Amino acid sequence: MASGSEPVHDRVLTVPNVISLARLGLIGVFLYLVLVARADGPAVVILMLSGVSDWADGKLARLLDQSSALGALLDPAIDRLYMVAVPVAFGLRGLVPWWIIGTLLARDLLLAAVLPVLRSRGLTALPVTYVGKAGTFALMSAFPLILLGQWDALAGRVVASIGWAFLIWGLGMYLWAFVLYLIQVGLVARTMPKLASRVADV
């Protein structure tokens, strides 16, 4: 680190953060393409760019030593926004049943509901599990494939079938990751004292 420069973990303007902000802006573009313009091809490109950039910002943060506190909050928050915006857009288009969308949204709402338990122990989040990452990857692969499958051709039906397979697999892993997360939260609640208790002990 250069002398006199701010600590890298406190920086705001980093390459990974710029990529994350670009991903954030693409959410609005995606919603317009799917719901207003009905331009499925460009919408698929947006989803693919989002997936690649999601991988790239984490990779670049490590390669360039540009991990930051903002990035640690921004990246998962944008992932959550995509996991809300994309299914809802598909529901509004009638591409995916609302019970599946409701299940995905309910899972994220329940995760948010247990955050106070973590914060009362001085934690902001728990480590992301490989099951959760795999579930998110499967879901984010499923949606563009289902969108591509809207083309009225044999190839489109094949692609749609693959997309639905990814969706079912991803939904199962997403829910299993949620169960594992609840188990971790339970362990934290049982083994870590609340912040007030720690202060009292000191």
Fill in: Subset of region 149-173 [at pLDDT below 90 and not in a loop (DSSP other than H, G, I, E, B)]
Leu154, Ala155, Gly156, Arg157
Item to complete: Return yes when Phe178 is touching a Lys or Arg at 6+ places or on another chain (Cβ under 6 Å), surrounded by 13 or more Cβ atoms within 10 Å (Cβ to Cβ) and within 20 Å of Val96 (Cβ to Cβ) and no when it is not.
Response: yes
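Yes/no per residue for (1) among the acidic types (Asp, Glu); (2) open to solvent by less than 40 Å² (accessible area, probe 1.4 Å); (3) within 30 Å of Ala69 (Cα to Cα):
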residue: Leu95; (1), (2), (3): no, yes, no
residue: Ile100; (1), (2), (3): no, yes, no
residue: Ala113; (1), (2), (3): no, no, yes
residue: Pro127; (1), (2), (3): no, no, yes
residue: Leu145; (1), (2), (3): no, no, no
residue: Arg157; (1), (2), (3): no, no, no
residue: Ile162; (1), (2), (3): no, no, no
residue: Tyr174; (1), (2), (3): no, yes, yes
Worksheet item: Out of all the residues in region 117-139, is one or more without any contact (Cβ under 8 Å) to a residue 60 or more places away in the chain and under 23 Å from Ala39 (Cβ atoms)?
Response: yes
Item to complete: Among the numbered conditions (1) open to solvent by 20 Å² or more (accessible area, probe 1.4 Å); (2) more than 21 Å from Ile146 (Cβ to Cβ), tell me where Ala61 comes up short.
Response: (1)
Worksheet item: Could you give every pair whose Cβ atoms fall below 7 Å, whose first residue belongs to region 75-87 and is open to solvent by 40 Å² or more (accessible area, probe 1.4 Å), and whose second residue is not in a helix (DSSP H, G or I), counting only separations of at least 6 or pairs across chains?
Response: none
Item to complete: Quick one: count up the residues across region 1-25 that are open to solvent by 60 Å² or more (accessible area, probe 1.4 Å) and modelled with pLDDT of 80 or more.
Response: 3
Discussion item. Can you name every one of the helices (runs of 4 or more DSSP H) wholly within region 26-141 that holds 1 or more residues which are farther than 25 Å from Leu182 by Cα and modelled with pLDDT under 90?
Written reply: 40-63, 69-93
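The values are calculated or read from the model by the stated rules, or taken from the named source; none is laboratory data. Nothing here was measured: the structure is a model prediction, and the numbers come from that model. Using ideal geometry, Cβ is built from the backbone for each residue, glycine included, and neighbour counts are taken over all protein chains shown. With ligands, DNA and RNA removed, areas are computed over all heavy atoms of the protein, side chains included. Shrake-Rupley method; radii C 1.70, N 1.55, O 1.52, S 1.80 Å.
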